[in-house]
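Student: Okay, handing you the structure first.
The values are calculated or read from the model by the stated rules, or taken from the named source; none is laboratory data. Just so you know, these numbers come straight off a predicted model, no measurement behind them. A quick note on method: Cβ atoms are made from the backbone with ideal geometry, for glycine too, and the neighbour counts reach across all protein chains shown. Accessible surface areas use protein heavy atoms only, side chains included; no ligands, DNA or RNA. Shrake-Rupley method; radii C 1.70, N 1.55, O 1.52, S 1.80 Å.
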Amino acid sequence: MLDPNLFRFIWHHSRREQIGILLLILASLPFYFASLDVPRIIVSEALQGGAFPKGSLTARVFDWTVTLPDFLGGGKIVLSEGIELDRISYLLALSFLFLTLVLINGAFKYVINIRKGILGERILRRMRYQLFATLLRFRPEDIRSVKPSEAASMIKDEVDPIGGFVGDAFIQPVFLGSQALTALFFIMIQSSWLGLIALAVVMVQAVVIPYLRREQIRLGRERQVAARHLAGRIGEVVEAAPAVHIHGTAVFDKAEVGRRLSQLFAIRVALFKRKFAVKYLNNLLAQATPFFFYAIGGYFALRGALDLGQLVAVLAAYRDLPPPVKELIDWDQQRIDVAVKYQQVVSQFTVDKLLPEPRDERPEDFAGPIRTEGLRVLDRRGSPLLLNVSLTIERPSHVALTGGNGSGRGTFAKVLGRQITEYEGSVRIGSRELRDMADETAGRLIAYAGPDPLLFVGSIRDNVTYSLRRVPPVPASSCESRARQLDELLLNGDEINLGDSWIDYEAAGVSSAEELDAAVLRGLAVAGLDEEVYWFGLNGRLGPGTNSEIAERFVEARRRVREQLAAQSLDDLVEPFDPDRYNTHASIGENLLFGVPVGHGPTRTEFAADPYLRAILEAEALDEPLVEVGLRIAELTAEIFADLPPGDPLFERYSLIRADEMEHYRKLLDIVRQPGGKAHISPGARTRLIALALGYIEPRHRLSLLDEAFNARILRARKSLMRHLPREYEGRIEFYDPAKFMMAAPIRDNILFGRIAFEGSRAEQRVWQVVRKVISELDLEPVIYRIGLDTEVGVGGRLLYEPQRAAVNIARCLVKRPEILVIDGALAPFGPGDSDAILKRLRSAMSGRTLIATVPDEAAARDFDILLKFDGPNLVVDPEPAAAVA
């Protein structure tokens, strides 16, 4: 956890770097002082001739001698005997010396600022990492009360200004303070009176300006709160817009928002007044001080008490005095603001108790039964969820939990699955208390599959093997030292490989990535998803780095499928792609292109708008016929599907027009039906009509719009398109070739190399049976499954259906081979028949290990070893054989 004191946290983790930068600042001060003194020397000695007594043309300059004190002997050490220079040479030498000092001081500032920035980013990285690590140690009860968006915002955004302050925490006041004191000390040396004036101005800035700016900061915070409330209210009204319209309360809501705007306006006006008052005072002090210098310093210069060079040097030094003072004031205000933000962040990540840190455990400590003694769970309101459960579950055994909705059945499963750690009494596995186990230890021993599967962005494989990613690539032998080493590596910014080196192959019972895929598929087979993974693979594509031998085997599969279909008199079920024939079961667009777009292909409308395609269509006189086909499709669709609701399956399957587009096409048809209406079709509407026609498939849509002559014209346009393909289109289209594997096309299309003639029929199933047999004969099934496992699940698994997400979650639990598997409502997304089959396979997979599952009724628990029945929060009877109550 973070130290509650910001400065202590910064110093503890960065004192070596802080001290190094502070020493660098001290090293820069002599050069800064010298840069203030050189202008005085230029005016007094070079311009006024102070170094050239009695009008001499040359003088010995830059002679430096150190006089030792009496206790060291009182001698002199000559550092430089100097050189003879005339006045112009001396002036140029001093000018170049001044330029050199400016460059040196700039270099010091550059190095200091770079090191400050790196230091700030390093501490910011540590702070974010520690906050995230602390969040992962929250107990399940605590983390459920954290809003994900708020936690992410705090770690990402709210600590950002804190990180920006880290580099300035100790260095900025020393750096700016030393510069201001050096300039003030230099002025004091030249004239004590002018030094006192400068000191007085600095004191006014240091006392009055912070007081005024505290009020400015308060108003700024008040403005933020008011703006946040205004945004919240506007969002609330927008979300409740139907209620506003139903009840006619728009006037009231406008009045309320207007009142909030007025309050915000008043705050902003007060803020502007305060802001410009502070700015006015700062400018006044900055401009008034030179007045005193010119008046009083000039008076002293005229009286001979102050040299003109000293006056010029004082003015130059004062120019460097206000900026550091102003920045010091800004630093103080930033310190107050950042300290408050830091306290807010720390308070949000401070809980009463955290989960234990990783530590080494002895396997024998977990050998033995599961024992609960006086187990009692209450919700946040104090209502009992589980009352005084004391029992012993021998291991291994299969335990069924039954009970009504809201009973202790689910709560007991969550306790055993470590989803609830805030309980009274004791739950022990062997000799160890369940809630005192570290996540790493419990994760190897227990797996929990709940009703809400949580999937991450990535592939199916990534999500299933996520439960095995727990072996950091560090050489330490013990669990504690490995965790410490990993933390240090991450905090130091070292690159950590996040690939397969994290996989715990031993836990999965495998030794290679290929064996791991087989284990993943076994887990998915238990959950009933292996067949769908196979189809995902058929619809997938080979990667660009695929071995050419695999591509050749798929081409061979294409040939064998064709032969076996012919041998079984099924070859008429697949119409192949032929360069010289129109494929009646493919769309007009597919026949025209006769290939597959490489990468993310264009939509049908984008394809219809392509300049090259339109030129080909116009050259072959196909643009007008396609517009006519599009109009006929729109007209017939409007008639046929007029009475169907938008979500009707027939509409979705057979209509080329989406439900939300239907109204647009109706308006277009109204225009066309008017006398001379076709002439008024806009270019954009013509493109949409052509796109509509390009998606037409005669056997599927059955509107009788195509004939042999039209098909022949499409074939002629296809050849023109391929023959005259521009150079910029090369590589963007992969044309069909019977002897070549098409990397841009799905594996399914590569194997069939055509279109199934009777989709959805029994014949289609027979075709896929042949395909699957050939794939098995050529040993291509592992490739298909591997591609299927690469299927992306999307954010939160949104690209999968609910049962598919549940299956991935169950497989994730199984692949790590836990000693105890808890199934708590994880089978709810499946139908009754599927859930019974999966439960049976789960019992087989967990043979010799402990399975604890919630089941809907006692009949479903018939084959389990033990049945636990719950009535409300109470365990009705002690553990008994399930067969006894079947």
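Student: Of everything in region 778-796, what is farther than 16 Å from residue 538 by Cα and either in contact with a Gly (Cβ under 6 Å, 6 or more places away or on another chain) or modelled with pLDDT of 90 or more (or both)? Give them in sequence order.
Tutor: Scanning region 778-796 gives 793, 794.
Student: Same structure, new question: Among what's in region 734-780 and is open to solvent by less than 50 Å² (accessible area, probe 1.4 Å) and charged (D, E, K, R), pick the residue that is farthest from residue 521 (Cα to Cα). First the steps, then the outcome.
Tutor: Residues of region 734-780 that are open to solvent by less than 50 Å² (accessible area, probe 1.4 Å), as a first pass: 734-736, 741-742, 744-747, 749-757, 761, 763-764, 767-768, 770-771, 774-775, 778, 780.
Pick out the ones that are also charged (D, E, K, R) and you get 734, 749, 755, 764.
Details: 734: 33, 749: 24, 755: 30, 764: 26 Å.
Among those that are open to solvent by less than 50 Å² (accessible area, probe 1.4 Å) and charged (D, E, K, R), it is 734.
Student: Given the structure, is residue 685 touching a Leu at 6+ places or on another chain (Cβ under 9 Å) and free of Cβ contacts under 8 Å to residues at least 24 places away in the same chain? Don't jump to the end; show me each part of the working.
Tutor: Details: touching a Leu at 6+ places or on another chain (Cβ under 9 Å): yes; free of Cβ contacts under 8 Å to residues at least 24 places away in the same chain: yes.
So residue 685 fits the description; yes.
Student: I'm told residue 94 meets every condition in (1) touching a residue at least 40 places away in the same chain (Cβ under 8 Å); (2) open to solvent by less than 50 Å² (accessible area, probe 1.4 Å); (3) not in a helix (DSSP H, G or I) except one. Can you identify the failing condition by its number?
Tutor: Unmet condition: (3).
Student: Of all the helices (runs of 4 or more DSSP H) wholly in region 138-181, which have at least 1 residues that are acidic (Asp, Glu) and either open to solvent by 50 Å² or more (accessible area, probe 1.4 Å) or under 29 Å from residue 33 (Cβ atoms) (or both)? Show your work before the answer.
Tutor: Values: elements: 140-144, 148-153, 160-166.
So the answer is 148-153, 160-166.
Student: Filtering region 813-836 down to residues that are free of Cβ contacts under 8 Å to residues at least 12 places away in the same chain and of a type in the set (Gly, Ala, Ser), which residue is most open to solvent (accessible area, probe 1.4 Å)?
Tutor: Filtering region 813-836 for residues that are free of Cβ contacts under 8 Å to residues at least 12 places away in the same chain and of a type in the set (Gly, Ala, Ser), the one most open to solvent (accessible area, probe 1.4 Å) comes out as 833.
Student: For region 837-873, what are the residues that are without any contact (Cβ under 8 Å) to a residue 60 or more places away in the chain, under 30 Å from residue 387 (Cα atoms) and in a helix (DSSP H, G or I)?
Tutor: Across region 837-873, the qualifying residues are 839, 859.
Yes or no, residue by residue, for (1) buried (at least 16 other Cβ atoms within 10 Å of the Cβ); (2) in a loop (DSSP other than H, G, I, E, B); (3) touching a Pro at 6+ places or on another chain (Cβ under 6 Å):
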| residue | (1), (2), (3) |
| --- | --- |
| 388 | no, no, no |
| 399 | yes, no, no |
| 412 | yes, no, no |
| 415 | yes, no, no |
| 420 | yes, yes, no |
| 435 | yes, no, no |
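Residues are listed down the side, and each one gets a yes or a no for (1) open to solvent by 20 Å² or more (accessible area, probe 1.4 Å); (2) assigned to a helix (DSSP H, G or I); (3) touching a residue at least 12 places away in the same chain (Cβ under 8 Å):
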residue	(1), (2), (3)
332	yes, yes, yes
340	yes, yes, no
347	yes, yes, no
350	yes, no, yes
364	yes, yes, yes
373	yes, no, yes
376	yes, no, yes
381	yes, no, no
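Student: Specify which of the listed residues (137, 122, 144, 115) is out of contact with any Asp or Glu (no Cβ under 9 Å at 6 or more places or on another chain) and either among the hydrophobic types (A, V, I, L, M, F, W, C) or modelled with pLDDT of 75 or more (or both). Break it down into steps so the answer makes sense when it comes.
Tutor: On the way: 137 fails: out of contact with any Asp or Glu (no Cβ under 9 Å at 6 or more places or on another chain); 122 fails: out of contact with any Asp or Glu (no Cβ under 9 Å at 6 or more places or on another chain); 115 fails: out of contact with any Asp or Glu (no Cβ under 9 Å at 6 or more places or on another chain).
Answer to the selection: 144.
Student: Testing residue 484 on (1) on the phi < 0 side of the Ramachandran plot; (2) open to solvent by 30 Å² or more (accessible area, probe 1.4 Å); (3) at pLDDT 65 or above, one condition comes back false. Which one is that?
Tutor: (3)
Student: Is it the case, given these coordinates, that residue 58 is at pLDDT 75 or above, more than 49 Å from the chain's Cα centre (by Cα), surrounded by 12 or more Cβ atoms within 10 Å (Cβ to Cβ) and over 17 Å from residue 172 (Cβ atoms)?
Tutor: yes
Student: Separate question: In region 634-654, which residue that is in a loop (DSSP other than H, G, I, E, B) and either more than 39 Å from the chain's Cα centre (by Cα) or modelled with pLDDT of 75 or more (or both) is farthest from residue 702 (Cα to Cα)?
Tutor: 645
Student: I need every pair where a residue in region 74-89 that is of a type in the set (D, E, K, R) has its Cβ under 6 Å from the Cβ of a residue that is assigned to a strand (DSSP E or B) and open to solvent by 100 Å² or more (accessible area, probe 1.4 Å), sequence separation at least 6 or different chains.
Tutor: 84/60
Student: From the residues in region 10-40 that are farther than 29 Å from residue 184 by Cβ and in contact (Cβ under 8 Å) with a residue 24 or more places away in the chain, which one is surrounded by the most Cβ atoms within 10 Å (Cβ to Cβ)?
Tutor: Selected residue: 14.
Student: Please state which one of 704, 776 is on the phi < 0 side of the Ramachandran plot, of a type in the set (S, T, N, Q) and free of Cβ contacts under 8 Å to residues at least 12 places away in the same chain.
Tutor: Going through 704, 776 in turn, the sole match is 776.
Student: Check every one of the helices (runs of 4 or more DSSP H) wholly within region 504-563 and list those with 1 or more residues that are within 15 Å of residue 784 (Cα to Cα) and open to solvent by less than 30 Å² (accessible area, probe 1.4 Å).
Tutor: Of the helices (runs of 4 or more DSSP H) lying wholly inside region 504-563, those with at least 1 residues that are within 15 Å of residue 784 (Cα to Cα) and open to solvent by less than 30 Å² (accessible area, probe 1.4 Å) span 513-526, 530-538.
Student: A further question follows. Looking at 101, 124, can you tell me which residue is aliphatic (A, V, I, L, M), in contact with a helix residue (DSSP H, G or I) (Cβ under 6 Å, 6 or more places away or on another chain), over 30 Å from residue 348 (Cα atoms) and open to solvent by less than 60 Å² (accessible area, probe 1.4 Å)? Break it down stepwise before answering.
Tutor: On the way: 124 fails: over 30 Å from residue 348 (Cα atoms).
Going through 101, 124 in turn, just one is aliphatic (A, V, I, L, M), in contact with a helix residue (DSSP H, G or I) (Cβ under 6 Å, 6 or more places away or on another chain), over 30 Å from residue 348 (Cα atoms) and open to solvent by less than 60 Å² (accessible area, probe 1.4 Å): 101.
Student: Output the residue which, of all residues in region 446-466 that are open to solvent by 20 Å² or more (accessible area, probe 1.4 Å) and assigned to a helix (DSSP H, G or I), is farthest from residue 518 (Cα to Cα). Step through it out loud before you land on a result.
Tutor: Just the residues of region 446-466 that are open to solvent by 20 Å² or more (accessible area, probe 1.4 Å), to begin with: 448, 451-454, 456-457, 461-462, 466.
Of the ones still in play, those that are also assigned to a helix (DSSP H, G or I) are 461-462, 466.
Working: 461: 11, 462: 14, 466: 15 Å.
Here the residue is 466.
Student: Please state which one of 21, 25 is hydrophobic (A, V, I, L, M, F, W, C) and in contact with a Lys or Arg (Cβ under 6 Å, 6 or more places away or on another chain).
Tutor: After ruling out the rest, the residue left standing is 21.
Student: Consider only pairs whose beta carbons are under 6 Å apart and that are at least six residues apart or on different chains; among these, list those whose first residue lies in region 41-54 and is under 17 Å from residue 96 (Cα atoms) and whose second residue is surrounded by fewer than 19 Cβ atoms within 10 Å (Cβ to Cβ) and at pLDDT 75 or above.
Tutor: Close Cβ pairs satisfying both conditions: 46/91.
Student: Now for a different question. Could you go through region 813-834 and let me know if any residue there is among the basic types (Lys, Arg), assigned to a helix (DSSP H, G or I) and at pLDDT 90 or above.
Tutor: no
Student: Is it the case that some residue within region 596-612 is more than 19 Å from residue 748 (Cβ to Cβ), free of Cβ contacts under 8 Å to residues at least 40 places away in the same chain and open to solvent by less than 60 Å² (accessible area, probe 1.4 Å)?
Tutor: Yes, the conditions are met somewhere in region 596-612.
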